[in-house]
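Working notes for the structure below.
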Amino acid sequence: MKILLTSFFAWIALATVAASQHAHSDHTDMGGKQNLVLSQPGQGAFAAIAEITQVLRDDPSTDWSKVNITALREHLIDMDLVAKDASVVASPTPQGASFVITGDGRTRQAMITMVPAHAPFLAAETGWDVVVEETDSGVTMHVSGDATQIAALGFIGLMTIGAHHQEHHLMMARGGDVH
């Protein structure tokens, strides 16, 4: 509930700023209507694809015969499913935690694809031991290192560690291997 309220108030603040900027703007088009200068496309996956598309279009060396925005879109859907639809049960261990991550259908497939692929990045970035095992309903991830930090971050926080996501997305869009 706290996150929902924080998000709501952040949205209201942004809308108020945007409205006040619009109200004080003297930018007009040829028809006399005011033009808004917008910067956010409204949704995270769309924003990531828009950013990558612009980078590709700005790069004269882009090999358009290899570009695969559909693969990037599928990966971003996987990220969304793992973040929003996966069920996670965390069990503390003396050195860290074990996370049982489960889901059905497309969510399960997203977990099986993403969690093992992310484990080496998490281990390299932190120096922690990370072991992932596939199960009938998803995956189990065991993380040993700084137990307090691991517990505080939880599964989804751990999945964000390592500044490789943007580079990975660009490589994928250029037609490289997904994982």
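The values are calculated or read from the model by the stated rules, or taken from the named source; none is laboratory data. Note that the structure is a prediction, hence the values are computed from the model and not measured. FYI the Cβ positions are ideal-geometry reconstructions off the backbone, even for glycines, and counts take in every protein chain you see.
Taking the numbered list (1) exposed (fewer than 14 other Cβ atoms within 10 Å of the Cβ); (2) modelled with pLDDT under 95 in turn, GLY127 passes all entries but (2).
Take the range 84-112 and flag every residue that is more than 24 Å from THR53 (Cα to Cα) and aliphatic (A, V, I, L, M). Before the answer, list the steps.
First pass over the range 84-112, keeping only residues more than 24 Å from THR53 (Cα to Cα): 84-109, 111-112.
If the condition is that a residue be more than 24 Å from THR53 (Cα to Cα) and aliphatic (A, V, I, L, M), then ALA86, VAL88, VAL89, ALA90, ALA97, VAL100, ILE101, MET111, ILE112 are the ones that fit.
For the range 57-87, filtering for residues that are without any contact (Cβ under 8 Å) to a residue 60 or more places away in the chain, loosely packed, with under 14 Cβ neighbours inside 10 Å and among the charged types (D, E, K, R) leaves 4. Which residues, counting only those in the range 65-93, are closer than 24 Å to ASP104 by Cβ, out of contact with any strand residue (DSSP E or B) (no Cβ under 7 Å at 6 or more places or on another chain) and among the polar types (S, T, N, Q)? Once the filter is applied, which keeps residues that are closer than 24 Å to ASP104 by Cβ, out of contact with any strand residue (DSSP E or B) (no Cβ under 7 Å at 6 or more places or on another chain) and among the polar types (S, T, N, Q), the range 65-93 yields only THR70. Selection of the range 98-145 for residues being in contact with a helix residue (DSSP H, G or I) (Cβ under 8 Å, 6 or more places away or on another chain) and aromatic (Phe, Trp, Tyr) yields PHE99, TRP128.
One residue alone among VAL115, VAL132 is at pLDDT 90 or above, touching a Pro at 6+ places or on another chain (Cβ under 6 Å), over 24 Å from GLU51 (Cβ atoms) and buried (at least 18 other Cβ atoms within 10 Å of the Cβ), and that residue is VAL132.
Can you find even one residue in the range 100-107 that is modelled with pLDDT under 95, surrounded by 15 or more Cβ atoms within 10 Å (Cβ to Cβ) and assigned to a helix (DSSP H, G or I)? Scanning the range 100-107, I find no residue that is modelled with pLDDT under 95, surrounded by 15 or more Cβ atoms within 10 Å (Cβ to Cβ) and assigned to a helix (DSSP H, G or I), so the answer is no.
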